[in-house]
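Data first, discussion second: the structure below is written as structure tokens.
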Amino acid sequence: MDICDNRSMTTLRTLDDWLAYIEGLHPKNIEMGLERVSAVWQRTGLGLACPVITVAGTNGKGSTCAMLEAIYAQAGYRTAVYSSPHLVHFLERCRIGGEMADADQFVAACALIEQARTAQTDIALTYFEFTTLAFFALMAQQPIDVAILEVGLGGRLDAVNIIDTDCAIITSIDLDHMEYLGPDRESIGFEKAGILRAGKPAIVSDPVPPESVIRHAKALGADLYLMGVDFNFNGDKQQWGWAGRDADGQPRRYAGLAYPALRGANQLINASGVLGAITALRTRLPVTAQAVRNGFAFVELPGRFQIVPGQPTLVLDVAHNPHSVAALAANLDAMGFYPTTHAVFGAMADKDLAAMWPKVAPMVDKWYFTDLPTARAATALALQTLWQTQNQRKDTSSSVYTSPQAALDAAVAGADATDRIVVFGSFYTVGGVLQNGTPRLSAKHLGAPGGAPAAQH
């Protein structure tokens, strides 16, 4: 399909122009369902002519996609990755060959999707749906060997699910987005399982998956790979190993692996699911053991238990639901002793905050609550008020700020060199302190000009 010269689009020249325009196309941020987005995609006549891996789950999706990308890149394949949301730059949502998507190519893809959307009868698309289609159009016009797609919300009715996957991965499942996905793990699991396809590998890396996932996979006739049944891992302090099967049922092993560069005890669960997918697809996408080793060694993903060396130490984590916050707390505990832990926290108002704070409260001595630049967010004052109603420690303090950067600056000002600052909650919270690059912290008595705290980027 040629990009049209529609007069209404003559003023839409830049990325910002298009994003502002797309934001006003639909009255809702989220509208579940595939009919509208499928119809627009079909009008484009485009498709992804390479193996597709789709990743759904509550936590671990981003890490899983990053490890797949790193391993396939090390094996010499040109990868395309779609994920959301972004931390700083909108175009982070798509990487082609390891590089952030090109703005001009995305603008051209937006024009193509708008032409398809308005052909015959107009079809309303949400911001997520439109931009997802634009990224798919961009990817479809690139020479790529494997596409790795991260589901935005749920799975069954998420826009990403219009693409038939060649291999599905379901990561850990927990309570989140319950207003859309259902009140319990079984309901949420059913929605996640919507990405599975008949006869295709279905890798379930959640060690205790909901029964709804297993039932749906079996009813559909997917090739089910379960953690602890079809694959497993073991390890000691120095290395780890994986054992499983391939698509033909033949045993496969990886031994003596170095731990993934992504930190956190939960990353071995994610990495095991990754190896399950790579093994299941090995006849279409052969990968050497060395590519696996190098991929795990070199993988990077900002904001997932990211430890930034400095004085004080900085930890960045987009944990924003009870399960991921519990994992964050366990990882913080494993870091060792710090005299004081300062926490910069901002979150969406619809999150289960009352269940999140008790998990991490024993670790945090000083709270810095922050506003976030979205209407969905709880205000810093609302966060502080709710925290005060359940805080049981008399040796803690809290304060409120208008932005994540202001909260971080205050935390640095109040910290000693041997302390630790944790920035967590929302992508907006972590992204807010990464706007000018990764901060390297230097406490006030370590040579900052005039004795003031330094947060160097």
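Just so you know, all these numbers are worked out from the coordinates, no wet-lab data involved. The structure presented is a predicted model; accordingly, all values stated were derived computationally and were not measured. We place every Cβ from the backbone using ideal geometry, glycine too, and count neighbours over all the protein chains shown.
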**OP:** Starting with the highest mean, order 95-102, 185-192, 128-135 by the number of other Cβ atoms within 10 Å, averaged over the residues of each peptide.
**Re:** 128-135, 185-192, 95-102
Subject >> Among 392-398, 55-61, 428-434, the order from most to least packed when residues are scored by Cβ within 10 Å on average >> reply: 55-61, 428-434, 392-398
Subject >> Protection proxy ranking, peptides 149-162, 282-295, average beta carbon neighbours within 10 Å, highest first >> reply: 149-162, 282-295
Original post:
Roughly how many debye, to the nearest 20, is the charge dipole of the chain about its Cα centre, given +1 on each Lys and Arg Cβ, -1 on each Asp and Glu Cβ, and no other charges?
Top reply: 820
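Out of all DSSP beta bridges with both ends in the chain, state the antiparallel percent to the nearest 5. Present the calculation step by step, with values, prior to reporting the outcome.
Values: 23 of 64 bridges.
Looking only at bridges with both residues in the chain, the antiparallel portion is about 35 percent.
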**OP:** Mind jotting down the three principal axis lengths of segment 223-262 based on Cα atoms? Whole angstrom, largest first.
**Re:** 32, 16, 15
**OP:** Would you be so kind as to identify which of Q238, T374, P85 lies farthest towards the positive end of the dipole of the chain, taking Lys and Arg as +1 and Asp and Glu as -1 on Cβ and the Cα centre as origin?
**Re:** Q238
Original post:
About its Cα centre, how strong a charge dipole does segment 306-456 have in debye, to the nearest 20, once Lys and Arg get +1 and Asp and Glu get -1 at the Cβ?
Top reply: 40
Subject >> Mean Cα-pair separation over length for segment 7-298, i.e. relative contact order, pairs under 8 Å, 6 or more apart, % >> reply: 21
Original post:
Among A289, P302, L316, whose Cα sits farthest toward the positive end of the charge dipole of segment 229-333 (+1 at Cβ of Lys/Arg, -1 at Cβ of Asp/Glu, about the Cα centre)?
Top reply: A289
**OP:** Output ³J(HN,Hα) for segment 31-42: one whole-Hz value per residue in order, computed from phi by the Karplus curve 6.51 cos²θ - 1.76 cosθ + 1.60 with θ = phi - 60°, and x for Gly and Pro.
**Re:** 9, 5, x, 10, 4, 5, 5, 5, 5, 5, 4, 5
Original post:
How high is the relative contact order of segment 48-98, in percent, with contacts defined as C-alpha pairs under 8 Å that are six or more residues apart?
Top reply: 27
Original post:
For segment 115-170, what D do you get in µm² per second when you plug the Kirkwood radius from alpha-carbon pairs into Stokes-Einstein at 25 °C and 0.890 mPa s?
Top reply: 192
Original post:
Can you give the Rg to Rh ratio of segment 306-456, both from alpha-carbon atoms, with Rh computed by the Kirkwood formula?
Top reply: 0.94
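Check segment 306-456 and count each lysine pair with an alpha-carbon distance under 21 angstrom, considering only pairs eight or more places apart or from different chains. Numbers along the way, then the final one.
Values: K351/K359; K359/K394; K366/K394; K366/K444.
For segment 306-456, the number of qualifying lysine pairs is 4.
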